[in-house]
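To keep things clear, I will list the structure first and then write my remarks on it.
None of the figures in this text is laboratory data; all of them are computed from the coordinates on show. Owing to the predicted nature of the structure, the values given are computational and were not obtained by experimental measurement. Reconstructed Cβ throughout: ideal geometry from the backbone, glycine too, with neighbour counts over all protein chains shown.
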Amino acid sequence: MLSRRKLVKRLASLPLIGGFVGSGIPIQSVAAATPAAKPAQNLFKELGIRPLINARGTMTFLSGSLMEPEVMAAINATAHDFANMHELTDKVGERIAEMLQCEAAMVTSGAACALTIGTAAAITGMDMDKIKQIPNLPGPKPEVIIQKKHRYVFDQAVRTAGVKLIEVENAKEMEAAFNERTVMTLFFNGAVDWYGIEDSINHEDFVAISKRHNIPSFIDAAADVPPVENLFKYQKMGFDLVTFSGGKMIRGPQSAGLLFGRKDLIEAAKLNFSPHESPIGRSMKVNKEEIFGMYAALKLYLEKDHKKEWQEWEGRVADITKTVETVPGVKGEMHMPKGRANVFPGLLVKWDQNKVKIKPKDVVEALRAGEPRIETSAGDDALRITVVTLLPDQVPIVARRIKEVLQAAV
Ligand SMILES: *Cc1c(COP(=O)(O)O)cnc(C)c1O
């Protein structure tokens, strides 16, 4: 017989059970439905993967963002029952649409998937023959109109559906670009940040011109919260389809995303998606747990105290600045992007390279090679620190490690 103390200790070492206790879900119901959880295993260690502190951003190659305990609880709590995926897709979609004040919504496998199946929806509507044939419809390719300055790596996800992109440079050219092959217009909301340019056609004109030609407009706003208001802004402006990544600042599952907007298009997107067996989106499946997880993450994000979170980030920038500035010649500077993507406070660390004899790029390397491994980025004259992806207890660690590396180069 185990003593009570030993039993409690043993239970505490099970991360799964610990998670449920922490989230207020009774152990009983979980334990009854699932096989006993195995003891904690460090799979990072088992596979020889060095964990990292992410001071770089919500990038996919760094695994995006970390899910909150409530999201993990939603994933765990829904894992032990089967669901009809059509029903789940519809019900979660309805709730998300209510939350985002739009006609309809669905969970996709990331914003990239949303771009593909949203485009597919614009091409096929509810036509099952076309759904079976894309991306290889007979005849000339369907066309999507995009501003030339908005061309970007993710437009591949739109072209995946089998369309040709038609580039336009101003409103007049856009007006003239519509023809019987046009199926959609695409607006890349982050272009301003990525390229440091202005849009050559603004949101309002872009929507108005698309509407005049009765063609659906799609906006990619994948990385564009905060501010939280952006989750409501673009459907109100009149865009017919909107996508956001689930696994960036919304902190849902990294492989989830949101597609929302006009009901007929979302219904058509669903036909182009899993759980249907043959359409283009079948290879972009989202599992049941991630759909629940995405829903839980969005709910949590909308309810969050955004002002408090913002102040917390500013506090982090100030704290790290204070530590690194103890090295003579080093200055910390709050950085705020001016555009619409990834808008949150970050830190630029700059120094007199005659006094502190190390290049920012070499600091990045040193932080990566050190223990713990820290991922940052750099320009020629500054080390860039993203604070929003840090866990609270990682903030002083990052500050101390930057200080150590800079100090060693004095
Ligand atoms: C991140 C990003 C994507 C891809 O989003 P995923 O959710 O990772 O699929 C698409 N477009 C833009 C502008 C992005 O920033």
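Ranking N230, F218, I117 by Cα position along the charge dipole of the range 78-303, where only Lys, Arg, Asp and Glu carry charges on their C-beta atoms, puts I117 farthest toward the positive end. Only Lys, Arg, Asp and Glu carry charge here, each on its Cβ (+1 for the first two, -1 for the last two); on that basis the range 306-408 has a dipole of about 160 debye about its Cα centre. For R373, the residues 5 or more places off, or on other chains, whose built amide H falls under 5 Å of its own are I53. Normalising the Debye intensity of the chain to I(0), with uniform scatterers on Cα atoms only, and taking log10 at q = 0.06, 0.09, 0.11, 0.13 Å⁻¹ returns -0.30, -0.65, -0.92, -1.15. Considering only P279, P216, P396, the mean-square fluctuation computed in a Gaussian network model of the chain, springs between alpha carbons under 10 angstrom, is largest for P396. From the helices alone, meaning DSSP H stretches of at least four residues, give me the mean residue ellipticity at 222 nm for the chain, per-run term -39500 (n - 2.57), in deg cm²/dmol to the nearest 500. Counting only the DSSP helices, I get -12500 deg cm²/dmol. At a threshold of 8 angstrom on Cα-Cα distance, excluding pairs fewer than six apart, so keeping six or more, what relative contact order does the chain reach in percent? Computed value for the chain: 20 percent relative contact order. Note that the range 350-358 has calculated 3J(HN,Hα) couplings of 10, 8, 6, 6, 7, 8, 9, 8, 8 Hz, one per residue in order, obtained from phi through the Karplus relation 6.51 cos²θ - 1.76 cosθ + 1.60 (θ = phi - 60°); glycine and proline are x. Residues whose amide H comes within less than 5 Å of that of A222, counting only those at least five positions distant or on another chain, are S245 (H built at 1.01 Å from N in the peptide plane). Residue order for F292, F154, fewest other beta carbons within 10 angstrom first, comes to F154, F292.
The GluC sites (Glu not before Pro) found in the range 222-305 that occupy coil by DSSP, while having at most 15 further C-beta atoms within 10 Å, are E229, E277. Could you give the length gained by full extension between K236 and E98, i.e. 0.36 nm per residue of separation minus their alpha carbon distance, to one decimal place? Extending this stretch completely gives an extra 48.3 nm.
Could you size up the charge dipole of the chain around its Cα centre, putting +1 on the beta carbon of Lys and Arg and -1 on that of Asp and Glu, and report it in debye to the nearest 20? Can you show the working numbers first?
Numbers: 53 positive and 49 negative charges, 310 e Å.
The dipole magnitude comes to about 1480 debye.
Using θ = phi - 60° in the Karplus curve 6.51 cos²θ - 1.76 cosθ + 1.60, the 3J(HN,Hα) couplings for the range 139-148 round to x, x, 5, x, 10, 10, 8, 9, 5, 4 Hz; x is entered for Gly and Pro.
If you stretched the chain out fully between E404 and K357, how much longer would it get, using 0.36 nm times the residue separation minus the C-alpha to C-alpha distance?
On the way: separation 47, 0.36 × 47 = 16.92 nm, distance 1.32 nm.
My answer for the length gained is 15.6 nm.
Which percent, nearest 5, of DSSP beta bridges in the chain are antiparallel?
Antiparallel: roughly 50 percent of the beta bridges in the chain.
Distances between placed amide hydrogens fall under 5 Å for T185 paired with I145, S217, F218, all partners being 5 or more residues away or on another chain.
Quick test of the membrane-span-like rule: which DSSP H helices of the chain reach at least 20 Å along their long axis (C-alpha atoms) with mean Kyte hydropathy at least 0.0?
Numbers: long enough: 85-99 (21 Å, -0.57); 110-124 (21 Å, 1.55); 288-303 (23 Å, 0.18); 306-324 (27 Å, -1.36).
Flagged H segments are 110-124, 288-303.
Put a plus charge on the Cβ of each Lys and Arg, a minus charge on the Cβ of each Asp and Glu, and nothing anywhere else: the dipole of the range 78-303 about its Cα centre is then about 360 debye. Please compare each pair in K91/K164; K233/K285; K149/K331 to a cut-off of 32 Å on the Cα-Cα distance and tell me which ones are over it. As for pairs spanning more than 32 Å Cα to Cα, those are K91/K164; K149/K331.
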